[in-house]
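Right, one structure below, let's go through it.
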Amino acid sequence: MSAAGEGRDHIGPDAGLDTAALAEWLAAHLPGEGALTLRRIGGGQSNPTWFVDRGADRLVLRKKPDGPILPGAHAVEREFRVLRALQGTEVPVPEALFLEEDDAILGTPFYIMRRLEGRVFADAGLPGVAPEARHEMYLDLARVLARLHALRPDEIGLADYGRPGNYFARQIARWTRQYEGSTGPRIDALDRLVAWLPENMPEDDGAISIAHGDFRIGNMMFHPAEPRIIGVLDWELSTLGHPLADLGFCMLPWHSAPDEYGGLVGTDWRGAGIPEPERFLAEYYAHARPTAPLGLFHLAFALFRFSVIFVGIADRARSGSAASQEAATLGPLAERFARRAVDLIEQDAFPSRTGP
């Protein structure tokens, strides 16, 4: 499997891009020969993505979606910048080649990167993988996240990649604004989270890291045969943030079902070799810089943010600009994720854990 590989469909040979315009642009930016072929990668809910083949070149193109989008969303320019900054670090990423910000070429800004060859799983259960490999793949997820958070933004040219400090306060305000700007119906559980999160936010401890924003199994590319990550994908939500935001987001598979974006609840994940969440956290803390404990707030925040993301997916489905044909079906997940967060709060079901 390559680029966005396993678990994602290829839709048509060209799938909506102006092939002639892209061929002319590529000729000016990347010398090479051969017929240009495109394959739309299905399954993503963010920036539309294509495999681009030309002669010996194996590339990936990501662009902003057509149609109206929320302010600050689908920032391919930021994706490109962070990918370039991470080249040569211990965080594996695809090689970003070119950014094009002129809408006149393909209708919206886009960038080109080299294609990686590996495996991508939409299902957190990692179907078709041996139990021992599943266990190691989850632990490598924890280690790669710890390596990302260990990087100092100012040392790789990302000192101004976001506003330092008060990350959770700013993020809660941002995602609340996006929810309040939605054209869809109100969600009672999400309204409750909007009120609960600011009242239960930990005091800011000043921790700053590069936060991926969507760090999960589905955005990792694994080696074709080995249980290790060779590429972290989909950086559109990345910024300077608090490491516990990403770590809390990594807990979602243990708190969501298979029909809730590929979670583990209701499956025999222990028998399948997937580690206990405590073991995952221990691996992260064993490799991370000193970091505060993960608690209920961080998991509730992760579920809140994911819920608002699905609110946006439903809005785009209604407007006809969604990046996936499944957007209309996935939109209702906003209520289910918000409900899971409220249930955890009511049960106080996620005690603080510090790792080893």
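The values are calculated or read from the model by the stated rules, or taken from the named source; none is laboratory data. Remember, predicted model here, so these are calculated numbers, not experimental data. We place every Cβ from the backbone using ideal geometry, glycine too, and count neighbours over all the protein chains shown. Surface areas here come from the heavy atoms of the whole protein model, side chains and all, with no ligands, DNA or RNA. Shrake-Rupley method; radii C 1.70, N 1.55, O 1.52, S 1.80 Å.
Overview of values
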| quantity | calculated |
| --- | --- |
| Candidates R81, R54, R114, filtered to the one that is open to solvent by 30 Å² or more (accessible area, probe 1.4 Å), over 17 Å from the mean Cα position of the chain (by Cα) and farther than 30 Å from R279 by Cα | R114 |
| Any pair with Cβ under 6 angstrom, 6 or more apart, that starts in region 75-89 at a residue that is farther than 16 Å from T49 by Cβ and ends at one that is not in a loop (DSSP other than H, G, I, E, B) and not aromatic (F, W, Y) | R84/A96; A85/I156 |
| Enumeration of residues in region 148-162 that are at pLDDT 95 or above and of a type in the set (G, A, S) | A150, G157, A159 |
| Count - residues of region 258-267 that are more than 23 Å from H212 (Cα to Cα) and among the small types (G, A, S) | 1 |
| Pairs with Cβ under 7 Å, 6+ apart, first in region 150-177 and assigned to a loop (DSSP other than H, G, I, E, B), second among the polar types (S, T, N, Q) | L151/T89; Y161/T239; G162/T239 |
| The one condition in (1) within 20 Å of D343 (Cβ to Cβ); (2) touching a helix residue (DSSP H, G or I) at 6+ places or on another chain (Cβ under 9 Å) that G266 fails to fulfil | (2) |
| Set I208, I229, I172, I187: member being out of contact with any helix residue (DSSP H, G or I) (no Cβ under 6 Å at 6 or more places or on another chain), of a type in the set (V, I, T) and either under 22 Å from T291 (Cα atoms) or buried (at least 19 other Cβ atoms within 10 Å of the Cβ) (or both) | I208 |
| Residues located in region 27-51, provided they are closer than 16 Å to P109 by Cβ and open to solvent by less than 30 Å² (accessible area, probe 1.4 Å) | S46, N47, P48, T49, W50 |
| Those residues of region 271-296 which are open to solvent by less than 10 Å² (accessible area, probe 1.4 Å) and among the aromatic types (F, W, Y), in sequence order | F280, Y284 |
| Single unsatisfied condition, L145 versus (1) surrounded by 17 or more Cβ atoms within 10 Å (Cβ to Cβ); (2) in contact with a Ser or Thr (Cβ under 9 Å, 6 or more places away or on another chain); (3) under 15 Å from H242 (Cβ atoms) | (2) |
| Evaluation of D259 against (1) closer than 23 Å to A314 by Cβ; (2) of a type in the set (D, E); (3) in contact with a Phe, Trp or Tyr (Cβ under 8 Å, 6 or more places away or on another chain) (one fails), failing number | (3) |
| Region 124-138 - residue that is in a helix (DSSP H, G or I) and under 18 Å from the mean Cα position of the chain (by Cα) and, of those, farthest from G266 (Cα to Cα) | M137 |
| Filtered residue count, region 59-92, keeping only those that are modelled with pLDDT of 95 or more, of a type in the set (A, V, I, L, M) and not in a loop (DSSP other than H, G, I, E, B) | 7 |
| Evaluation of S238 against (1) in contact with a helix residue (DSSP H, G or I) (Cβ under 6 Å, 6 or more places away or on another chain); (2) under 30 Å from K63 (Cβ atoms); (3) at pLDDT 95 or above; (4) not acidic (D, E) (one fails), failing number | (3) |
| Of the criteria (1) under 18 Å from A75 (Cα atoms); (2) modelled with pLDDT of 95 or more, which one L145 fails | (1) |
